[in-house]
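Reviewing the structure listed below.
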Amino acid sequence: MHNPKDIKNFSEKSVEPLRFDVSGNLIRKFGRESISNKNVAILELIKNSYDAKSAKIEIDFSSVNTKEGMIAVSDNGDGMDYSDLKNKWMRIANPFKSKKLKNGDRAFIGEKGIGRLSAESLAKSATLFSLPKGKDTGYKVIFDWDKYQEENALVNDVDNPTFEFNKKKADQGIRLEMKNLNHDWNTQESQESLLVDINLINSINKPVRDFKVITKFEPSLATVPKIKKEFLEKAVYSLKTKLTGGSLIRYEFLSINGKKKEGNLQATRKLKCGDAVFELYFFYKSPKYFEQATGKKMATTESKEINKTLEHYSGIKLYRDNFRVKPYGDPNSDWIGLDIAAHNNSMLPRNDALIGMVHISKSKNPAIVDTTTREGVIYTDEFQDLIAFVLVSIQKVFSDLRSEFESHKTKARKNKTKKSNKPIPVNVPGSGVKIAVTTPTVLVEIGGKYPENFYNQLQDEINVCYDHNHPNAAFFLCRKMVENLVFNILEKKFPSQINLWYDQKYKIRHKFSILIKNLYDERSNFGKPNVKTYIEKFNTEVGLFRKEANTKAHNVFEYLGDKKELNKFKIKDLVQLLVKIHDNI
Ligand SMILES: Nc1ncnc2c1ncn2[C@@H]1O[C@H](COP(=O)(O)OP(=O)(O)OP(=O)(O)O)[C@@H](O)[C@H]1O
Ligand SMILES: [Mg+2]
């Protein structure tokens with residue numbers, strides 16, 4: 001046998017060139033296996049109608065409960081003629097929209113060429129009626145998705161019966177009837193959550209011009225209150241920050257009493273994300289706190305409305321070109337880390353008391369891109385810096401101005417600071433200098449190499465708690481740091497193996513102990529022997545910390561009496577090991 005090294009000595013002649021074939025299973029891979037969230041699947045179809053310049057799209061759920069079970073989606077957009085059907089609808093992963101950013105005055109939302117396979121995700125069959133604008137012929141195509149699953153079926157082999165029919169030139173758009181549904185939609189929970197997602201598809205205070213989503217749902221199942229932009233006027237405080245050029249942050253802070261503060265901040269380092277806008281509307285849910293803060297009374301009906309609306313619509317949502325990117329801001333998706341931070345600083349708002357929006361555009365933030373699952377974006381440095389921008393806006397602007405506006409709380413804070421008699425290190429955005437007047441004893445050192453601004457802030461908070469002898473708060477924040485580091489490592493190393501770091505069923509990150517186990521199980525797949533050793537060492541050393549962290553996180557009564565007790569968990573070593581692992585990816 002020849003050695004492959006002698007390849008040039010083979011005598012060769014040309015034969016039929018080989019081509020890739022694609023198994024029919026690809027349809028399922030891009031369909032239900034990739035767009036697995038049923039709400040996301042419906043939202044994809046809405047985005048397609050927007051891209052096709054529809055003024056109106058109707059989502060009809062009135063037949064979901066029939067024997068056959070059907071969801072019908074109809075729009076009045078441009079539709080597709082035979083050549084569009086052949087070259088666009090029938091061509092998978094054709095990124096033609098991404099080549100053009102604009103479609104008339106609309107920015108294209110689609111880019112990957114797979115969103116319409118939501119139809120496969122939602123039902124066993126689909127019938128597409130297409131009425132191309134200005135033409136007198138329309139088309140009907142029938143898809144039976146199971147045919148693609150037959151043994152040895154190739155994508156190209158499956159015939160999808162196609163028909164043409166006469167139509168009026170003025171009729172335009174598409175209708176997609178999906179039958180034999182894959183999900184149970186007949187519950188209050190599923191129809192309400194979809195309705196909320198539809199109501200939030202565009203930012204509530206920026207309704208899209210000439211685009212209406214009409215829903216035909218079972219009224220007894222979908223009883224969610226609608227949210228209008230006027231609701232935001234009930235916010236006790238609202239903040240708008242605007243990031244330009246990576247470092248200049250302009251802010252405007254308003255209270256319900258009409259007091260206003262505006263200004264500029266200069267970030268101490270250039271953020272890698274493009275221009276972005278953040279809006280935050282903060283509400284007091286209880287009339288008592290509302291009155292304390294504003295001096296005004298709140299009627300019970302008002303407080304009920306606020307509570308009910310926030311129950312469905314609270315959280316910080318991400319919008320790209322004014323279309324929502326899920327799951328950011330969904331219940332259980334605390335992507336900014338606010339809820340844990342709020343434990344430690346009473347001036348920080350919790351997710352359930354606010355409505356927030358982060359606005360970016362594809363043109364200014366080309367590096368923030370969706371994952372194929374349409375649930376979330378790829379965790380790039382740019383995205384991490386977008387989170388840093390939102391965090392700085394909340395921690396440095398919102399919480400400072402809120403405490404300035406709420407004198408009774410400011411007093412309490414001042415007294416507290418006096419008692420501990422030690423200045424708190426603060427990152428002063430205007431001067432570019434980090435001021436730490438005394439050198440505190442530190443519990444963790446994340447090291448400057450780590451890219452996330454978020455960790456530096458967390459580190460400062462941990463060390464302040466430690467230095468001021470709040471061992472429980474320090475412990476709690478350490479858990480957050482260790483958990484996030486393990487999560488980031490898995491996500492960075494295995495971006496497409498979502499199951500390692502994300503629980504797809506419950507749509508949340510994996511629990512702490514599962515993350516640690518997955519890191520350990522994957523230790524040989526990091527490619528570098530020293531990383532494997534670090535992971536093994538980490539796994540041994542984390543034992544006690546994991547055990548205590550799990551019980552303490554769930555039991556507020558259990559506490560550490562002394563900061564010396566923290567030393568036994570070797571937190572500094574754990575963090576150092578994780579940083580080394582991260583730096584070696
Ligand atoms: N409602 C519609 N009206 C007209 N054409 C449509 C409609 N829905 C889909 N199409 C056509 O089918 C193509 C495929 O849609 P699909 O959603 O799969 O991809 P995309 O929108 O280009 O990208 P993405 O995967 O990011 O959504 C579209 O590019 C468009 O040409
Ligand atoms: Mg699309």
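Any read-out appearing in this document is the output of simple, stated calculations on the displayed coordinates, not a laboratory observation. Quick caveat: nothing in here was measured; it's all calculated off a predicted structure. For neighbour counting, all protein chains shown are included, and Cβ atoms are generated from backbone atoms with ideal geometry for every residue, glycine included.
Worth pointing out:
- Listed values for the stretch 106-112 are Karplus-derived 3J(HN,Hα) couplings in whole Hz (6.51 cos²θ - 1.76 cosθ + 1.60, θ = phi - 60°), namely 9, 7, 5, 8, x, 8, 9, and x replaces Gly and Pro.
- Alpha-carbon Rg/Rh ratio, for the chain, with Rh computed the Kirkwood way: 1.01
- For SER247, the amide hydrogen comes within under 5 Å of the amide hydrogens of LEU271, counting only partners 5 or more places away or on other chains and with H modelled in the peptide plane.
- Rotationally averaged projected area of the stretch 225-423 (alpha carbon convex hull; nm²): 12.1 nm²
- If you take all other residues with their beta carbon under 14 Å from the beta carbon of SER303, and give Lys and Arg +1 and Asp and Glu -1, the sum is +3.
- Relative compactness, the stretch 1-115, computed as alpha-carbon Rg over 2.2 N^0.38 Å: 1.62
- For ARG209 and GLU311, the FRET efficiency from 1/(1 + (r/R0)^6), where r spans their Cβ atoms and R0 equals 35 Å, is about 0.75.
- The packing ranking, built from the mean of other Cβ atoms within 10 Å per residue, places the peptides 105-114, 320-329 in the order 320-329, 105-114, highest first.
- Using the average count of surrounding beta-carbon atoms within 10 Å as a protection proxy, the listed peptides 124-132, 63-71 rank, highest first, as 124-132, 63-71.
- Here the peptides 515-524, 75-84 are ranked by packing, the mean other Cβ count within 10 Å, and the order with the highest first is 75-84, 515-524.
- In plain terms, if you count all Cα to Cα distances in the stretch 25-216 and split them into 5 Å steps from zero, the share in each step is 1, 7, 15, 21, 21, 18, 11, 5, 1, 0, 0 percent.
- Helix-only CD estimate at 222 nm, as mean residue ellipticity for the chain, using -39500 (n - 2.57) per DSSP H run (n ≥ 4): -10000 deg cm²/dmol
- Qualifying trypsin sites (Lys or Arg not before Pro) in the stretch 155-262, where qualification requires a DSSP coil assignment and no more than 10 other C-beta atoms within 10 Å, comprise LYS168, ARG209.
- Overall dimensions of the stretch 140-185 by Cα: Rg and Dmax, Å: 14.7, 43
- Value of relative contact order over the stretch 264-369, rounded to a whole percent, pairs C-alpha under 8 Å and six or more apart: 37 percent
- Inter-label distance for PHE163 and ALA367, nm, one decimal - labels placed 7 Å from Cα along Cα-to-Cβ: 5.2 nm
- Trypsin sites (Lys or Arg not before Pro) within the stretch 450-506: DSSP coil, no more than 15 neighbouring Cβ in 10 Å: LYS505
- Amide hydrogen proximity for VAL64: with H placed 1.01 Å from N in the peptide plane, the residues at 5 or more positions away or on another chain lying under 5 Å are MET70.
- For the stretch 449-509, GluC sites (Glu not before Pro) are listed when DSSP marks them as loop and at most 13 other Cβ atoms sit within 10 Å of their Cβ; the list is empty.
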